[in-house]
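Read the structure below first, then the notes.
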C-alpha cells in the first residue's frame, strides 16, 4: 500500500518541476588561468566582471628591453654603478658611472644613453634613458671587418656636487627605469672627508625575480687637492722596509701621508702596494694636471743579492719611485 502511495507522489513532483535556483560554470583554459562565473538568480544574465588568476603568465610584467632596431643583451633594469674620480673634477665632486655588463663588438653605430634627475627630497631620482647599439648584420663577414670594430655597451655618467646635495638635504639616490620603476636605492652618509655608500636593490620578487635587495657598502674618500700616488716598479711597497724608504723620500720632498690628513683612511686591498700622499705646497701641481702623466719623484737605495763567479754577494741599487695623480678607480 505504501509503495502505491509513493509512486503517485513522485509523478506529481515531476509534473510540478523543481527549480534549483542556481547554476555554476567553471572554465579552465590551456594556461591554467581559472575564470569563474556564478549565477544565483536562476535566470540568464549579461556577462559581467570575472575573477581572474593574477599570477598567470600572461599577466606578468615584460621585463625585457623594448624591441627596437638596436641591440640589448640584458633586461633594462640590470645596471652596475660606481663612483669614478673624473680627471680635473673638484675634490667634492661625485662622478656617478652607471653601466650595463652586456657588450657587443663589431661594426656598430651607437646612440648615447641619458640621465634625467628629479629632486624629491630627501631623495634624488635618476631616471635612466637607455641608449641604442645598432649592429651591421647585412654585410657578409669573412676573416675581417669592413669597419673599425667597436664595443657597444650601455653606459652613462653624471657629476653630482657633494656641497649641493647637502644643501638640498639629499641623502639617497634612486635609480629609476621605465620598465620596472625604481630598482636601486643608494644611501649616502656624507661626512667632511668621506661618503659612506650603501647600495640596495629594490625587492623585485613581484616580477618573479630572485633579487631580494642584498646591500653593498663601501667608502668613497674625498681626496684633498694635489693628492699623489707613489709606487715602485721593481720593489714591493708592501714590504715594511721599502715602504719606510718611500715614505722618507716623500717627506724629504715636502709631501704628507694621506693618513695624517684623513684620520682612519683605509685603502682597498688592491692598492696595498701604493702610498697616498698630499702635496700641500702645490710643488707638483703642474705634473699632476695631466692624469696620464707619471714622473719620477726620486730614488731609494736597496740591497739586492747577486750571483757571481765567486758566489752570491749583495749590491746596493737605486730603485726609482714614480708619482702620479690618483686613477679613476683609486
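The values are calculated or read from the model by the stated rules, or taken from the named source; none is laboratory data. Please read all numbers here as calculations on a predicted model, not as lab measurements. No Cβ is skipped: glycine too gets one built from the backbone with ideal geometry, and neighbour counts run over all protein chains shown.
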Among (1) touching a residue at least 60 places away in the same chain (Cβ under 8 Å); (2) exposed (fewer than 12 other Cβ atoms within 10 Å of the Cβ); (3) in a strand (DSSP E or B), where does residue 231 come up short? (2)
Quick check: is even one residue across region 80-97 at pLDDT below 85, over 14 Å from residue 175 (Cα atoms) and not in a loop (DSSP other than H, G, I, E, B)? no
Test: residue 272 is within 15 Å of residue 230 (Cβ to Cβ) and under 31 Å from the mean Cα position of the chain (by Cα): yes
